[in-house]
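First the structure, in the form of C-alpha cells, and then the observations on it.
The values are calculated or read from the model by the stated rules, or taken from the named source; none is laboratory data. Everything numeric in this text was worked out from a predicted model, so none of it was measured. Cβ coordinates were reconstructed from backbone atoms using ideal geometry, including for glycine residues, and neighbour counts include every protein chain displayed.
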Amino acid sequence: MSRSRRRSVVDRRIRLLLVVLVLALAASLGRAVWLQAVRAEPLARMAASQHRETIEIPARRGTIYDRTGALLALGESATTVYADPRRVRDPVAAARAAGEILGKDPDALLAALSDRTRGFVYLARQADPAKAAALAKLELDGIGFYAEERRAYPQRTVSRSTVSAFAWMWWSIVRWTSRPSRSGCDSSTSIARPNGSLTIVLLPALPARTPSSACSTPARPALSTPA
C-alpha cells in the first residue's frame, strides 16, 4: 500500500470519528434541552415530592390561668390504645398483658379482643404514655397506639365550671359585638395577668363593615395562652 493511500484511509477514519463525536455531542445537547426546558417543571415536582413531605401537626390546647396565676385547665399528653381483633393471634395473652399494664379489667378486654366481627376496638382511651410504651414493648399483634391530648383541671369541678362559664361569656360578647346593626365590626380583646404576660383569651379581629355589606358571625373563639 502506497503512502498516499494509507494517508487517505487514516483521514477517512478521523473524519468518521469526528462525525461520531459530533453526533454524540448533538444527542447530549438535545437531551439536556429536553430535560432542562421541556420536562423541567414535571421533574422539579417529582424531585420535590421525593425530598419534601408535609406533616400535619395537631395544635395543642392552651393552658388557662386565673387572675392570680393559678392553673384552671391544661393539656396533658396521653396515648390511646386500640386493637384489631382480627389480627390478634392470642386474645387471652393480649387481654392479660393489656389489663395488667393498663389497669383494665382483663375479662372486658378479652371479650372485646375475641369479637372477630369487629376490626377496631378501644382498649384504653387517653392512657398513661408510660404504661402504653410498656405495652408497646411487648409487640403484640393487632395492638396499636396513637398520641392524644387529655384536658386536666387541677381545681377539679370548680375550674371546669369556671372555664365553661368564661368561654360562654366571651362567646356571647363576640356575637353581640359583631351584630350588623352596630357601627363597625372590628373586635380584638385580650386579658393580661398582673405579671404582664398575656393569658386566657384572644378574640380575633373581624373585618370592618362597609355600608354595602353586613358582618358575618365569627367562629367560636378557642381559649388559648400564647407563650
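Residues in the range 144-154 that are assigned to a loop (DSSP other than H, G, I, E, B) and in contact with a Lys or Arg (Cβ under 8 Å, 6 or more places away or on another chain): Y153 alone.
Without any contact (Cβ under 8 Å) to a residue 60 or more places away in the chain, surrounded by 13 or more Cβ atoms within 10 Å (Cβ to Cβ) and within 29 Å of the chain's Cα centre (by Cα), is that true of A136? Yes; evaluated as a whole, the condition is true for this residue.
The sole residue among V81, V88 that is in contact with a Gly (Cβ under 6 Å, 6 or more places away or on another chain), β-branched (V, I, T), on the phi < 0 side of the Ramachandran plot and at pLDDT 90 or above is V88. A26 - would you say it is surrounded by 10 or more Cβ atoms within 10 Å (Cβ to Cβ), in a helix (DSSP H, G or I), among the small types (G, A, S) and under 36 Å from the mean Cα position of the chain (by Cα)? Here the answer is no, as A26 does not meet what is asked. How about the range 89-104: which of its residues are in contact with a helix residue (DSSP H, G or I) (Cβ under 6 Å, 6 or more places away or on another chain) and either of a type in the set (S, T, Y) or closer than 19 Å to A133 by Cα (or both)? Residues satisfying the conditions are A94, A95, R96, A98, G99, I101, L102. A residue that is in a helix (DSSP H, G or I) and not β-branched (V, I, T) occurs nowhere in the range 59-72.
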